[in-house]
Amino acid sequence: MKTLVLGGYGNFGARICRALAADAGIELLIGGRDLERATAFAQSLGGGARGVRVDAQSPDLAQGLGYLGVDLVIHTAGPFQNQDYRVPQAVAAAGAHYIDLADGRRFVCDFPAAMDAVFRTAGRTAVAGASTVPALSSAVVDHLAAGWQGIRSIDICIAPAQGAPRGEATLAGVLAYCGEPIRVWQDGQWTEQPGWVNPVKVQFARMRPRRGALCDIPDLELFPARYAGVQSVMFRAALEVGIAQQAFAFMAFMHRVGLLRAPQKLAPLLHSTGGVFDALGTALGGMVVRVEGTDAKGAAARRAWHIAADDNHGPEIPCMAAILLARRLARGDALPVGAHTCAGLLTLTEFEPEFARWSMVTDVIDETAPAQ
């Protein structure tokens, strides 16, 4: 299967390419605007990988993909918060499958309605959000609540290691909603809360507690529709170094009072200077998903799933869903035709070999309060 990774030498794209280069069923093309970088990276991988010059914003993208004869395009060139659908439209026109790592709420949530018809016409599969959220997060919720009568609340927190590589596009994405009102499902109704303010303490199984603040992701909108009856859905990010978390809260405040109009424009500066805090942090990051509800016997239940990723391997996690789906397509396993969000397409069991590959440790903990 000829597979083109857009942004293939970037922070996440390079990780996906390293994983797929060794797959005998995949002919790998590493795409980007800098042919020299793409080619050099392809040569470092071996295995027949090839660098190609591809501009995702080119009006001739569909023709270029057709000329290359690609079967699958994996789009990693974020940030996705303000992207339109010209890339998946070009992929559909070229008759190829499409997977992206988008975490932009509108991009992912609106994707099926916008793109389903063209991919059904092409007889191909398109998946948005093949990343930590909602691909892994939905797999975890499904696992924790298997057999339950209902889910009352879902609470997710991602806690990156301070020392882990940070992509500029990722920083721009998270800064885009710094201080912006975020629509959140709480107590069975929609409300608005500002992003990156009012951090709260979050407990982890194998890491010290951190303070996490609200971030805008697709799960906040997808999960109230996916899990009937859920009353609250929350997502937070918890930075390891407290002063860095405070800096985001300060930028959120400045944006809310009108003194910082576009926080995302600070992404290049923060990307270049963020390393000054690395000495204050570690190489350990992780994630926790907590689910409360009613178990199979009708009793109140609360379970938590934790993952700890050491040695700065945390950025591998957002890449796993795209890797798993690409391998599935290369094997000839069927994926649903049309356009979909990546919620419920993978099970937690499918992720486990990838966790083991990077020596990541997971825990499932029963946090149900003892009966009085």
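What the table shows:
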read-out	value
Rounded if a/c under 1.5, otherwise prolate or oblate - segment 1-47, Cα gyration tensor axes	prolate
Convex hull per residue volume in Å³, alpha carbons only, for segment 34-159	170 Å³
Cα-projected label distance for D110 with K297, points at 7 Å along beta-carbon direction, nm	4.8 nm
Linear extension gain, T121 paired with R206, 0.36 nm per residue minus alpha-carbon span	25.8 nm
Eligible aspartates and glutamates near K265 by straight Cα distance, threshold 20 Å, same-chain separation 8 or greater	D84, D103, E168, E180, D216
Cα-based Rg / Dmax (Å) for the chain	20.3, 68
Sorted peptide list for 287-298, 331-342, 121-132, criterion being average Cβ within 10 angstrom, highest first	121-132, 287-298, 331-342
Surface accessible to a 1.4 Å probe, per residue, for the residues of the chain, Å²	43 Å²
Karplus-derived HN-Hα couplings along segment 210-216 (A = 6.51, B = -1.76, C = 1.60, θ = phi - 60°), whole Hz, x at Gly and Pro	10, 9, x, 10, 4, 10, 8
More than 18 Å apart - percent of Cα-Cα pairs taken over segment 1-93	38 percent
Full-extension gain in nm, A228 to K2, via 0.36 nm per residue minus C-alpha separation	77.4 nm
Order by protection proxy (mean Cβ within 10 Å, highest first), peptides 42-55, 62-75, 208-221	208-221, 62-75, 42-55
Normalised alpha carbon radius of gyration of segment 167-263 [divisor 2.2 N^0.38 Å]	1.12
Solvent-accessible area, 1.4 Å probe, carbon plus sulfur percent, for segment 28-167	49 percent
Relative contact order computed over the chain (Cα-Cα under 8 Å; 6+ residues apart), in percent	21 percent
Quotient of C-alpha Rg and 2.2 N^0.38 Å, computed over segment 223-372	1.34
Most to least packed among 137-147, 99-109 [average Cβ atoms within 10 Å]	99-109, 137-147
Hydrodynamic radius by Kirkwood, which averages 1/r over all alpha carbon pairs of segment 128-169, in angstrom	12.7 Å
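The values are calculated or read from the model by the stated rules, or taken from the named source; none is laboratory data. Just so it is clear, the structure is predicted and the values come from calculations on it, not from any experiment. No Cβ is skipped: glycine too gets one built from the backbone with ideal geometry, and neighbour counts run over all protein chains shown. For accessibility, only protein heavy atoms count, side chains too; no ligands or nucleic acids. Shrake-Rupley method; radii C 1.70, N 1.55, O 1.52, S 1.80 Å.
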